[in-house]
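Colleague: Pasting a structure below so you can have a look.
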Amino acid sequence: MVESISATVRLNDGADMPGFGFGCYKASGPELALAVREAVACGYRYIDTAAYYHNEDTVGEALRHSGLARETLFVLSKIWPTDFDEPVRALDRSLKLLGLDYLDGYLLHWPGLDSARRLRAFEQLLRRKEEGKIRVLGVSNFLEEQLSELRDVFGFWPAINQIEVHPLFSQAALCRFCARCGIQVVSWSPLGRGREMENPAVRGLAADLGKTPAQILLRWHLEKGLLPIPKSVHAERVRENAAVFDFRLTPEQVAVLDGIELPDCRGRMGPDPLSYPR
Ligand SMILES: NC(=O)c1ccc[n+]([C@@H]2O[C@H](COP(=O)([O-])OP(=O)(O)OC[C@H]3O[C@@H](n4cnc5c(N)ncnc54)[C@H](OP(=O)(O)O)[C@@H]3O)[C@@H](O)[C@H]2O)c1
């Protein structure tokens, strides 16, 4: 169990990464720069971006201005499937925009619909990992069959699978599969993009425990061994989201949140990896 915002978890490749992160999707410019600076000031050490977010330059600049030593940060970016034919070029572009000479984490952002291209990209990136340009190579939005294919071809499980997880769409079976294989699940949209905070069960627990709905949701991820990466561009929310290490949810309270899941994947907020991106 992660006990502070900068505490680390050990991955299956032997690397350590912070057990809590800061999301940067749909944020840009001075607003994002301020939010990243606030995040590192209050203890976030894992910053999550992607080429697709078009904000790596702003993230890199904000991190440089934070004054924190490079090795204390865990900077993660992602490659979009349209770049799978030239993954080294995509990685170098991200490094240049971020102003870094290595990435702590680099993920295939989506499996894409072409398995051969995905496997070739992963293989080329493995070589960049061996050269020290990537510390942890992982994936995002991979289903069981795509994880198993990587295992069959390369002989090991990826270290990370970043997937959509929140109580309305818990992906419990996929999370269990990842846990069995030693793959760390990183929960994207851990707050259900804000929508989940209106849920009466979430609000009820928040009132009972004297916490905010966002804090209740983030604690649910931590109780399950998931690694949440909430995003906010508001300083007070960045701090609020970080303040989740002074209380716990009981198994019964976790079960209450488990109970709000919508059937038939109706709680899903992002796309389905089986058909996206085309
Ligand atoms: N791998 C992937 O395919 C993938 C896909 C989506 C996202 N991600 C990653 O996951 C991160 C998080 O996901 P997300 O940004 O989609 O959604 P999220 O973190 O679940 O929710 C963000 C939304 O909630 C609001 N919010 C945040 N904290 C709040 C609080 N304490 N009280 C009230 N509202 C609050 C934010 O508004 P304000 O900003 O206005 O405060 C924003 O509208 C992303 O930023 C990105 O890094 C990855």
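The values are calculated or read from the model by the stated rules, or taken from the named source; none is laboratory data. Note that the structure is predicted; figures quoted are calculated from it, not measured. Positions of Cβ are backbone-derived with ideal geometry, glycine not excepted, and every protein chain shown enters the neighbour counts. Accessible surface is based on the protein model in full, side chains and every heavy atom, while ligands, DNA and RNA are left aside. Shrake-Rupley method; radii C 1.70, N 1.55, O 1.52, S 1.80 Å.
Colleague: Just to verify a number: what accessible area does Asp264 come out at with the full protein assembly present, 1.4 Å probe, Å² rounded to tens?
Modeller: The accessible area of Asp264 comes to roughly 130 Å².
Colleague: Let me ask you something else. Using a simple charge model, +1 on the beta-carbon of Lys and Arg, -1 on the beta-carbon of Asp and Glu, nothing else, what dipole does region 14-166 show about its Cα centre, in debye to the nearest 20?
Modeller: 280 debye
Colleague: Next question, about the same structure. From the P(r) of region 8-261, could you give the percentage of C-alpha pairs in the tail past 31 Å?
Modeller: Value for region 8-261: 22 percent of Cα pairs lie more than 31 Å apart.
Colleague: State, to one decimal in nm, how far the label point of Glu3 lies from the label point of Asp16, with both points 7 Å from Cα in the Cβ direction.
Modeller: It is 1.3 nm.
Colleague: Further question on the same structure: For an R0 of 51 angstrom, estimate the FRET efficiency from the Cβ-Cβ distance between Phe156 and Asp208 and round to the nearest 0.05. If you can, show how the numbers build up before the last one.
Modeller: Details: r = 43 Å, r/R0 = 0.85.
According to the calculation, E is roughly 0.75.
Colleague: Here's another thing I want to ask about it. Once fully extended, how much extra length lies between Asp264 and Glu252, figured as 0.36 nm per residue of separation less the alpha-carbon to alpha-carbon distance?
Modeller: Values: separation 12, 0.36 × 12 = 4.32 nm, distance 2.39 nm.
In short, 1.9 nm is gained.
Colleague: Let me ask something else about it. What do you reckon, how do Val2, Val244 stack up by accessible area (1.4 Å probe), largest on top?
Modeller: Final ranking, largest accessible area leading: Val2, Val244.
Colleague: Sum up the charges of everything whose Cβ sits under 15 Å from the Cβ of Pro251, counting Lys and Arg as +1 and Asp and Glu as -1, but leave Pro251 out.
Modeller: Details: positive: Arg219, Lys224, Arg248; negative: Glu223, Glu252, Asp258.
Local charge sum for Pro251: 0.
Colleague: For the chain, with a Gaussian network of springs between Cα atoms less than 10 Å apart, report the residue from Val256, Val36, Val238 with the top mean-square fluctuation.
Modeller: Val256
Colleague: Also: Within the chain, how many lysine pairs that are 8 or more places apart, or on different chains, have C-alpha atoms less than 19 Å apart?
Modeller: Pairs that pass both the separation and distance tests number 10.
Colleague: Could you please state how large a percent of the accessible area of region 1-154 is carbon and sulfur, counting protein chains only and using a 1.4 Å probe?
Modeller: 46 percent
Colleague: A follow-up question, please. Quick one: length gained pulling Asp57 to Ser115 fully straight, 0.36 nm per residue minus the C-alpha distance?
Modeller: 17.8 nm
Colleague: Summing Lys, Arg as +1 and Asp, Glu as -1, what charge do residues with Cβ under 13 Å from the Cβ of Ala179 carry, Ala179 excluded? Before the final figure, lay out the partial values.
Modeller: On the way: positive: Arg176, Arg180, Lys224; negative: Glu144.
Within the 13 Å Cβ shell, the charges total +2.
Colleague: Work out, in µm²/s and without decimals, the Stokes-Einstein translational diffusion coefficient of region 138-278 at 10 °C, 1.306 mPa s, Rh from Kirkwood over C-alpha pairs.
Modeller: Rounded, D is 101 µm²/s.
Colleague: Leaving out ligands and nucleic acids, and using a 1.4 Å probe, what accessible area per residue does the chain come to in Å²?
Modeller: 43 Å²
Colleague: Continuing with the same structure: Provide the gained length on full extension for the span Tyr25 to Asp92, in nm with one decimal, where the gain is 0.36 nm per separating residue minus the Cα-Cα distance. Provide the component values of the computation, followed by the final result.
Modeller: On the way: separation 67, 0.36 × 67 = 24.12 nm, distance 2.04 nm.
Full extension from Tyr25 to Asp92 adds 22.1 nm.
Colleague: Simple spin-label model, 7 Å along Cα-to-Cβ: Arg195 to Glu130 in nm?
Modeller: About 4.4 nm separates the two model spin labels.
Colleague: To the nearest 10 Å², what's Glu3's accessible area with a 1.4 Å probe?
Modeller: 140 Å²
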